[in-house]
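So the structure is just underneath, and the comments pick up after that.
The values are calculated or read from the model by the stated rules, or taken from the named source; none is laboratory data. The structure presented is a predicted model; accordingly, all values stated were derived computationally and were not measured. Here the Cβ positions follow ideal geometry from the backbone for every residue, glycine too, while neighbour counts run over all protein chains shown.
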Amino acid sequence: MQNSCLNVLDRRDFTIIKLEKHDTKDIHDNHVNGSLTVVWRDWDNTIELEPKMVYTTSVNPGERKGPHLHTKRDSFFVCTRGKVIFVIKNKDGKYTEIESSEEEPVLIGIPHGIASAHINVANEKSTILTMASLAWRPDDNEMKNVFFDDYDWEKWQIK
């Protein structure tokens, strides 16, 4: 198989990778029983990051996490259940909004020093898979909370 996990859009401040999604089939009668989404393969060479930590986080309906930034850690995020909007504050102060969902999985790479938040716009809990360049430690102090005071959070009807 070729290097086709992606449709890569590399921006100055972040990276967007449209992920490869395949139907899976029942072994008895070959009906579609679900799907498989390729998030990362060592041979794709789509991202330079070799994950040092992989974890999932959940976001309740209508809630947001962040905004914050990491001073040392680069992260790649994909929504694996539900639907979330990632809000990224670019270096020029403008915002970019990117949707990722279980139906349309998009891997979003956010380097250290770039602030972001994610908002659950689904009616159920959403789950996000994260691959990080550094593993979190209890005494780690590299995440900084920030505020997007000039961003219109109300458009997402969040609490």
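Out of (1) exposed (fewer than 13 other Cβ atoms within 10 Å of the Cβ); (2) acidic (Asp, Glu); (3) modelled with pLDDT of 85 or more, what's the single condition that is false for GLU63?
It is condition (1) that GLU63 fails.
Would you confirm whether or not region 25-43 contains a residue that is within 22 Å of ALA122 (Cβ to Cβ), of a type outside the set (A, V, I, L, M, F, W, C) and without any contact (Cβ under 8 Å) to a residue 24 or more places away in the chain?
yes
Name the residue that is nearest to the chain's Cα centre (by Cα), counting only residues in region 114-141 that are assigned to a loop (DSSP other than H, G, I, E, B), closer than 19 Å to GLU50 by Cα and not basic (Lys, Arg).
Narrowing region 114-141 to residues assigned to a loop (DSSP other than H, G, I, E, B): 114, 121-125, 133-141.
Imposing the further condition that a residue be closer than 19 Å to GLU50 by Cα reduces the set to 133-137.
Narrowing further to those that are not basic (Lys, Arg): 133-136.
Working: SER133: 14, LEU134: 16, ALA135: 17, TRP136: 17 Å.
By that ranking, first place goes to SER133.
Run down ILE114, ILE128, ILE119, ILE108 and say which single residue is within 18 Å of GLU20 (Cβ to Cβ) and surrounded by 14 or more Cβ atoms within 10 Å (Cβ to Cβ).
Values: ILE114 fails: within 18 Å of GLU20 (Cβ to Cβ); ILE128 fails: within 18 Å of GLU20 (Cβ to Cβ); ILE119 fails: within 18 Å of GLU20 (Cβ to Cβ).
Going through ILE114, ILE128, ILE119, ILE108 in turn, just one is within 18 Å of GLU20 (Cβ to Cβ) and surrounded by 14 or more Cβ atoms within 10 Å (Cβ to Cβ): ILE108.
In region 57-96, which residues are assigned to a strand (DSSP E or B) and β-branched (Val, Ile, Thr)?
Our first condition is that a residue be assigned to a strand (DSSP E or B); within region 57-96, this holds for 57-59, 64-70, 75-81, 83-89, 95-96.
Across region 57-96, the qualifying residues are THR57, VAL59, VAL78, THR80, VAL84, ILE85, VAL87, ILE88, THR96.
For residues that are at pLDDT 95 or above and of a type in the set (Gly, Ala, Ser), scanning just region 76-108, find the one that is farthest from the chain's Cα centre (by Cα).
Ranking the qualifying residues of region 76-108, first place goes to GLY82.
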